[in-house]
1. Go through the residues of the range 40-54 one by one and say whether even a single one is modelled with pLDDT under 70, on the phi > 0 side of the Ramachandran plot and not in a helix (DSSP H, G or I).
2. Mind telling me which of the residues 19, 14 ends up being modelled with pLDDT under 75, under 40 Å from the mean Cα position of the chain (by Cα) and assigned to a loop (DSSP other than H, G, I, E, B)?
3. Search the range 17-31 for residues that are surrounded by 11 or more Cβ atoms within 10 Å (Cβ to Cβ) and pair each with any residue that is among the hydrophobic types (A, V, I, L, M, F, W, C) when their beta-carbon atoms are under 7 Å apart and the residues are at least 6 apart or on different chains.
4. Is it fair to say residue 126 is under 24 Å from the mean Cα position of the chain (by Cα) and modelled with pLDDT of 85 or more?
Amino acid sequence: MQGDESTVFVSVKADTRSAEDALKALEDRSKQFGSAITNALAGAVTNGKSFEDSLRRLAMTVANISLKAGMQPLQNMMSGLFESFFQGLQGKTKAHALGGIVNSPTYFNDGGSLGLMGEAGAEAIMPLARGADGKLGVASHGGGAPIQVTFNVTTPDAGSFRKSEAQITGMLAQAVRRGARTL
């Protein structure tokens, strides 16, 4: 009885970017190390430096390369930690452009220093705006009853009304400005 020979093909797809990145980093460090040795020996021969000084410089360069390589995982971990922290905050950020209430102690940026509000109970966040007179004050975004201004004009004819129309418009605008200032 003869055995059947079978051929099995298996296709594998894999993301090899991390392995390629690691090999590229290793290649770069190898080049740095080779360059450091070459420079150290060339410095000893051409510049008349002592072999001991050249070896000392070589050791410092190799230590620097090794330290950078050793610190890379820590740097990656810390950047990942901060990235996930700020992404977590992103979903919990609440804007108060139109105002709001803070019911519990809350930290905020206070012009470059850390501020704290709501530590002694509820506090209001109120948007500010400049009034017609240039003064800064609490901005009002509606919420009150609408303002009604009524002008009764009595004229003998339509021509007289047309002649006084600009004066009436000016008086109406002035009354609205006065009313807006007292809100």
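1. yes
2. On the way: 19 fails: assigned to a loop (DSSP other than H, G, I, E, B).
After ruling out the rest, the residue left standing is 14.
3. Between residues of the range 17-31 that are surrounded by 11 or more Cβ atoms within 10 Å (Cβ to Cβ) and residues that are among the hydrophobic types (A, V, I, L, M, F, W, C), the close pairs are 29/65; 29/69.
4. Numbers: under 24 Å from the mean Cα position of the chain (by Cα): yes; modelled with pLDDT of 85 or more: yes.
Judged against the criteria, residue 126 is a match.
Results for (1) over 30 Å from residue 22 (Cα atoms); (2) assigned to a strand (DSSP E or B); (3) modelled with pLDDT under 85, shown as yes or no for each residue.
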{"residue": "68", "(1), (2), (3)": "no, no, yes"}
{"residue": "72", "(1), (2), (3)": "no, no, yes"}
{"residue": "77", "(1), (2), (3)": "no, no, yes"}
{"residue": "81", "(1), (2), (3)": "no, no, yes"}
{"residue": "84", "(1), (2), (3)": "no, no, yes"}
{"residue": "87", "(1), (2), (3)": "no, no, yes"}
{"residue": "101", "(1), (2), (3)": "yes, yes, no"}
{"residue": "143", "(1), (2), (3)": "yes, no, yes"}
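The values are calculated or read from the model by the stated rules, or taken from the named source; none is laboratory data. In this text, all values refer to a predicted model and were calculated from it rather than measured experimentally. In this analysis, Cβ positions are derived from the backbone assuming ideal geometry, glycine residues included, and neighbour counts consider all displayed protein chains.
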